[in-house]
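The values are calculated or read from the model by the stated rules, or taken from the named source; none is laboratory data. Since the structure is predicted, the reported quantities are computational estimates derived from the model, not experimental observations. For neighbour counting, all protein chains shown are included, and Cβ atoms are generated from backbone atoms with ideal geometry for every residue, glycine included.
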Amino acid sequence: RAKAEGRGIHRFFEPAMDVAVQARRGVELDLRVALAEQQFALAFQPFLDLTANRIAGFEALVRWHHPARGVVSPAAFVPVAEETGLIVPLGEWVLRRACQEAARWPDPVRVSVNLSPVQFRTGDIDATVIAALRDAGLDPHRLELEITEGVLLQDTPSTLAILHRLKGIGVRIAMDDFGTGYSSLGYLRAFPFDKIKIDRSFVADLSVRPDALAIVRAVTTLADSLGMSTTAEGVETEEQLAHLRGAGCTEVQGYLISRPVAAEAVAPMLGGA
Ligand code: C2E
Ligand code: MG
Ligand code: MG
Ligand code: MG
């Protein structure tokens, strides 16, 4: 009887659910094809060391060159890739590709790669990172991994163990989008990050809200005393840059310095061929 009733309810809601499920399934199928047919590419956005006044490295940002929809931004497909688990093979592809590119850059220039919480849950992420470094012939010191609060929120002992293991072989670990979550300060105690990326929402407010400058100053001071460096994200104006210099920020990244560029454009930016 319950079964019959359940079936009736299901039929009643079917049309609306069908649309959502099919849309999601469509993106999922598209993503599977995209992985198989190599429709993904990496864009690279430099981060500038303010003390040395030179490019310290590039962040790898995934792009989907969809045959019909054109370039799709990660905000539109990374969540689906995470829900379906496809972020695991996609994330491995990003890591391998990023390490291969970086191996061609001059020695001190680093590459940073964004990792999803899902890669820590289902993937053999430390082994994947080590294999990507080895196969590319890239020194671990030249790789940075960017994680968000979501990774530490999982609060599994294995997540911390994985991060410690990677840090132990020389890979740098950065906390991305700092200040946007719930208890960011707690995470600074949970793990010794090499770098804190100050979320671009604080940078955007620098010229208009005095409290944003106070917060940025507090973060750089805190990071400094914890032995961590800071990177300000989303720097778009000279005025913001001046504030960030004044606040003692280590590195800056944003459209003012450069938009994300294709892999071929990296060498010329470094003064190479
Ligand atoms: P994120 O890691 O915080 O990356 C910074 C985002 O801000 C990038 O957007 C970048 O293009 C954009 N951006 C940089 N400078 C400026 C600026 O001056 N102004 C403004 N308005 N935006 C700026 P993008 O490439 O669309 O990536 C969005 C997010 O998608 C990333 O945020 C990251 O969380 C995620 N993502 C990108 N690539 C990957 C990847 O390979 N794996 C995973 N798991 N996530 C990725
Ligand atoms: Mg990032
Ligand atoms: Mg960020
Ligand atoms: Mg951000």
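Scanning the range 107-139 for residues being closer than 14 Å to residue 165 by Cα and not hydrophobic (A, V, I, L, M, F, W, C) gives a total of 3.
Is one or more of the residues making up the range 160-172 closer than 17 Å to residue 94 by Cβ, of a type in the set (Val, Ile, Thr) and more than 16 Å from ligand 3 (Cβ to nearest atom)? Checked the range 160-172: at least one residue is closer than 17 Å to residue 94 by Cβ, of a type in the set (Val, Ile, Thr) and more than 16 Å from ligand 3 (Cβ to nearest atom). Has the range 237-256 got any residue that is more than 21 Å from residue 43 (Cβ to Cβ), part of a loop (DSSP other than H, G, I, E, B), within 16 Å of ligand 4 (Cβ to nearest atom) and more than 17 Å from the chain's Cα centre (by Cα)? Yes, that holds for at least one residue.
Taking (1) under 14 Å from the mean Cα position of the chain (by Cα); (2) of a type in the set (A, V, I, L, M, F, W, C); (3) surrounded by 13 or more Cβ atoms within 10 Å (Cβ to Cβ) in turn, residue 34 satisfies each apart from (1).
Within the range 139-158, the set of residues being acidic (Asp, Glu), surrounded by fewer than 17 Cβ atoms within 10 Å (Cβ to Cβ) and within 16 Å of residue 58 (Cα to Cα) comprises 139 only.
Could you list, in sequence order, all residues of the range 150-176 that are within 15 Å of ligand 4 (Cβ to nearest atom) and either modelled with pLDDT of 95 or more or more than 15 Å from residue 113 (Cα to Cα) (or both)? Answer for the range 150-176, where residues must be within 15 Å of ligand 4 (Cβ to nearest atom) and either modelled with pLDDT of 95 or more or more than 15 Å from residue 113 (Cα to Cα) (or both): 150, 174, 175, 176. Residues of the range 70-119 that are within 16 Å of residue 146 (Cβ to Cβ) and within 16 Å of ligand 4 (Cβ to nearest atom): 74, 75, 78, 112, 113, 114, 115, 116, 117. Can you name the number of the only condition in (1) at negative phi; (2) more than 16 Å from ligand 2 (Cβ to nearest atom); (3) surrounded by fewer than 20 Cβ atoms within 10 Å (Cβ to Cβ); (4) modelled with pLDDT of 85 or more that residue 183 fails? Result: residue 183 fails condition (4) only. Considering the range 244-267 alone, what residues qualify as being in contact with a strand residue (DSSP E or B) (Cβ under 9 Å, 6 or more places away or on another chain), of a type outside the set (Gly, Ala, Ser), more than 12 Å from residue 48 (Cα to Cα) and away from ligand 3 (no atom under 16 Å from the Cβ)? Those that are in contact with a strand residue (DSSP E or B) (Cβ under 9 Å, 6 or more places away or on another chain), of a type outside the set (Gly, Ala, Ser), more than 12 Å from residue 48 (Cα to Cα) and away from ligand 3 (no atom under 16 Å from the Cβ): 261, 266. Of all the numbered requirements in (1) under 28 Å from residue 120 (Cα atoms); (2) of a type in the set (Lys, Arg); (3) modelled with pLDDT of 90 or more, residue 54 misses one, and that requirement is (1). The strands (runs of 3 or more DSSP E) found wholly in the range 132-207 and carrying at least 3 residues that are in contact (Cβ under 8 Å) with a residue 60 or more places away in the chain occupy 172-178. May I ask you to verify whether residue 231 is within 16 Å of ligand 4 (Cβ to nearest atom) and either buried (at least 22 other Cβ atoms within 10 Å of the Cβ) or under 22 Å from the mean Cα position of the chain (by Cα) (or both)? Here the answer is yes, as residue 231 does meet what is asked.
Here is a check on your reading of the model: is residue 111 crowded, with 18+ Cβ neighbours inside 10 Å, modelled with pLDDT of 95 or more and over 14 Å from the mean Cα position of the chain (by Cα)? Taking the combined requirement at face value, the residue does not satisfy it.
In the set 42, 35, 86, 31, only one residue is of a type outside the set (Ser, Thr, Tyr) and touching a strand residue (DSSP E or B) at 6+ places or on another chain (Cβ under 7 Å); that residue is 42.
So that you can scan it fast, the table gives a plain yes or no per residue for (1) buried (at least 17 other Cβ atoms within 10 Å of the Cβ); (2) within 16 Å of ligand 1 (Cβ to nearest atom); (3) closer than 28 Å to residue 142 by Cβ:
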{"residue": "160", "(1), (2), (3)": "no, no, yes"}
{"residue": "170", "(1), (2), (3)": "no, no, yes"}
{"residue": "199", "(1), (2), (3)": "yes, yes, yes"}
{"residue": "218", "(1), (2), (3)": "no, no, no"}
{"residue": "226", "(1), (2), (3)": "no, no, yes"}
